[in-house]
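**Q** One structure coming up, written as structure tokens, with questions to follow.
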Amino acid sequence: MFKGFPARLKEARRVRGLQQGELAAKAGLSSNFVGRLERGERQPGAAGLKALSDALGVFPEWLAGGNAAI
């Protein structure tokens, strides 16, 4: 799991017209952490994945790199 996560996170954020800081605020995370996620330097825990998927309006399974629909 999490294969392709950084690219999917960045893609979903850009499609929604959000800056990293805006996504971070919506998800209750720091913008620094979101940047590290997009660069593949970190992976989110279950709570972070849920917060990001809720903020982006996508399924957590898709965001994590699974085969679920966006």
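**Q** With +1 on each Lys and Arg Cβ and -1 on each Asp and Glu Cβ, and nothing else charged, work out how big the dipole of the chain is about its Cα centre, in Debye to the nearest 20.
**A** Details: 11 positive and 6 negative charges, 26 e Å.
Rounded to the nearest 20 debye, it is 120 debye.
**Q** A follow-up question, please. Just by accessible area at a 1.4 angstrom probe, what is the order of Val15, Val58 from largest to smallest?
**A** Most to least solvent-accessible, the answer reads Val15, Val58.
**Q** Follow-up question, since we're still on this one. Restricting to Cα pairs below 8 Å that are 6+ residues apart, what does the relative contact order work out to for the chain? Please round to a whole percent. Kindly include the intermediate steps, with their values, before the conclusion.
**A** Numbers: 80 pairs, mean separation 27.9, N = 70.
The normalised contact order for the chain reaches 40 percent.
**Q** Would you kindly derive the ³J(HN,Hα) couplings of the stretch 58-65 from the backbone phi angles with the Karplus curve 6.51 cos²θ - 1.76 cosθ + 1.60 (θ = phi - 60°), listing them in order in whole Hz, with x for Gly and Pro?
**A** Karplus-based 3J(HN,Hα) across the stretch 58-65 equals 10, 6, x, 5, 5, 4, 6, x Hz.
**Q** Tell me the label-point distance for the pair Arg36, Arg14, using the 7 Å Cα-to-Cβ offset, in nm and rounded to one decimal.
**A** 2.3 nm
**Q** Give me the percent of accessible area attributable to carbon and sulfur for the chain, probe 1.4 angstrom.
**A** Its accessible area is 50 percent carbon and sulfur atoms.
**Q** Further question on the same structure: For the chain, what is the mean residue ellipticity at 222 nm derived from helices alone (per DSSP H run of n ≥ 4: -39500 (n - 2.57); sum divided by total residues; nearest 500 deg cm²/dmol)?
**A** Taken over the chain, the calculation gives -16500 deg cm²/dmol.
The values are calculated or read from the model by the stated rules, or taken from the named source; none is laboratory data. Everything quoted here is computed from the prediction, not taken from an experiment. All Cβ positions, even for glycine, are placed from backbone atoms using ideal geometry, and neighbour counts span all protein chains on display. Note: accessible area is taken over every heavy atom of the protein model, side chains too, but ligands, DNA and RNA are not part of it. Shrake-Rupley method; radii C 1.70, N 1.55, O 1.52, S 1.80 Å.
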